[in-house]
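Colleague: This is the structure I want to talk about, given as structure tokens.
The values are calculated or read from the model by the stated rules, or taken from the named source; none is laboratory data. Nothing here was measured: the structure is a model prediction, and the numbers come from that model. FYI the Cβ positions are ideal-geometry reconstructions off the backbone, even for glycines, and counts take in every protein chain you see. Quick note on the areas: whole protein, heavy atoms, side chains included, nothing else; ligands and nucleic acids left out. Shrake-Rupley method; radii C 1.70, N 1.55, O 1.52, S 1.80 Å.
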Amino acid sequence: MTAGSITQISVNEVAALVAEGAAFIDVREHQETSAGAAPGTIHLPLQSLAVDQVPTGVPLVFICRSGRRSDSVASALAGMGYTTYNVVGGMQSWEAAGLPVIAENGAPGMVL
């Protein structure tokens, strides 16, 4: 993986990337993430996302509900030289794979 590129990944590839130091970023809106998000995500809602909020010096793994919004963010940042990954199928695939979804209050969550 080289800087300035985007790679499409499955939900099963996220943990290894995070273990290697990648930032895991959920770009859904607050009402969506409060109902349920993947543990360990950084919430940077797409509607208010600014480049200076994005972690630097590490690969970036993006997720949203279906993978569309996260793909657009990952593509844009790859064009600026960031190394980005997009989680194909987003939180819908995450939940379908039986991976944990946690509500803002710490209880089991759901994907909106």
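Colleague: Rounded to the nearest 5, what % of DSSP beta bridges with both residues in the stretch 3-111 are antiparallel? Walk me through the intermediate numbers first.
Modeller: Working: 2 of 15 bridges.
Just about 15 percent of them are antiparallel.
Colleague: Taking the chain as the reference, fit the longest principal axis to its C-alpha atoms, fit the long axis of helix 68-79 to the helix C-alpha atoms, and give the angle between the two in degrees, 0 to 90, nearest 10.
Modeller: Helix 68-79 and the main axis of the chain meet at about 20 degrees.
Colleague: While we're here: Could you please state how large a percent of the accessible area of the chain is carbon and sulfur, counting protein chains only and using a 1.4 Å probe? Working shown, then result.
Modeller: Details: 3020 of 5480 Å².
Carbon and sulfur together cover 55 percent of it.
Colleague: Suppose every K and R has +1 on its Cβ and every D and E has -1 on its Cβ; what is the size of the dipole of the stretch 4-112 about the Cα centre, in Debye to the nearest 20?
Modeller: Numbers: 4 positive and 9 negative charges, 33 e Å.
Dipole magnitude for the stretch 4-112 comes out near 160 debye.
Colleague: Please calculate the 1.4 Å probe accessible area of D71, with all protein chains present, and give it to the nearest 10 Å².
Modeller: Number for this one is 50 Å².
Colleague: Rounded to a whole number, what is D in µm²/s for the stretch 1-105 from Stokes-Einstein with the Kirkwood radius over alpha-carbon pairs (4 °C, 1.567 mPa s)? Could you put the intermediate results ahead of the total?
Modeller: Working: Rh = 13.3 Å.
Estimated via Stokes-Einstein, D reaches 97 µm²/s.
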